[in-house]
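To start, the structure under review is shown below, and the notes come after it.
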Amino acid sequence: MSTEPLSAFQGEGVNNNTAKALVNDLWPRYKSLETTVAFTNGTNENGDYNGTGNPSTLLTVTGTVELIVIAVCTVNFAGASATLELGTAATTAGLIPLTTATLLVANEIWHDASPDASIEASTVITRKIVNDDVIFTVKTADISAGTLKLFILWNPISSDGNVTLA
């Protein structure tokens, strides 16, 4: 384990507990962001399938970066036949594949099309190289309720590589 102080691992939106989780010499040092996204089907909200808020931008990416997104459901999702994916405009399911929204249940980790556990092996985390903004895309029907807590870990690859919350 690293002997560096926790403050060395804390960044924008990272609390002391998250910093402790990152104090592992086997893991690369990442910059980090943390946010909560609530989905509703109000007109043009991010759960409105036919609205102008779909797709909704989660992250603004400049240059080329290495990116990890960890998504934890905090409020059950609702919306008959609604589906959700996370990616970029060119690859809309490139980070997390198309998932039936009602499978997203509080305390479960969303990393694939079948979220089913509140504990996952760290091997389910995928590191992707990204050079476009990251978006949520609602498909099929409206998402009427649901909330995700997102932890974003990233490193610049290009000299102008940067990630900010949209």
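The values are calculated or read from the model by the stated rules, or taken from the named source; none is laboratory data. Keep in mind that this is a model prediction, so the values were computed, not measured. Every residue, glycine as well, gets a Cβ built from its backbone with ideal geometry; the counts of neighbours run over all protein chains shown.
Results, tabulated for the structure shown:
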item: Qualifying residue in the range 110-129 (condition: crowded, with 18+ Cβ neighbours inside 10 Å and either touching a helix residue (DSSP H, G or I) at 6+ places or on another chain (Cβ under 7 Å) or modelled with pLDDT under 95 (or both)); result: yes
item: Scan of the range 41-63 for residues that are surrounded by fewer than 16 Cβ atoms within 10 Å (Cβ to Cβ) and in a loop (DSSP other than H, G, I, E, B), ordered by number; result: 42, 43, 44, 50, 52, 63
item: Scan of the range 88-141 for residues that are within 21 Å of residue 60 (Cα to Cα), among the polar types (S, T, N, Q) and without any contact (Cβ under 8 Å) to a residue 24 or more places away in the chain, ordered by number; result: 91
item: The listed residue being touching a Pro at 6+ places or on another chain (Cβ under 7 Å), within 17 Å of residue 36 (Cα to Cα) and hydrophobic (A, V, I, L, M, F, W, C), out of 70, 143, 96, 135; result: 135
item: Hits in the range 64-85 - residues which are part of a strand (DSSP E or B) and among the aliphatic types (A, V, I, L, M); result: 65, 67, 68, 69, 70, 71, 72, 75, 78, 84
item: Candidate set from the range 112-166 (those that are of a type outside the set (A, V, I, L, M, F, W, C), more than 26 Å from residue 47 (Cα to Cα) and part of a loop (DSSP other than H, G, I, E, B)); member that is farthest from the chain's Cα centre (by Cα); result: 159
item: Subset of the range 76-98 that is more than 17 Å from residue 41 (Cα to Cα) and either of a type outside the set (A, V, I, L, M) or modelled with pLDDT under 95 (or both) - its residue that is surrounded by the most Cβ atoms within 10 Å (Cβ to Cβ); result: 87
item: Answer from 163, 134 - the residue that is modelled with pLDDT of 95 or more, buried (at least 21 other Cβ atoms within 10 Å of the Cβ) and more than 24 Å from residue 104 (Cα to Cα); result: 163
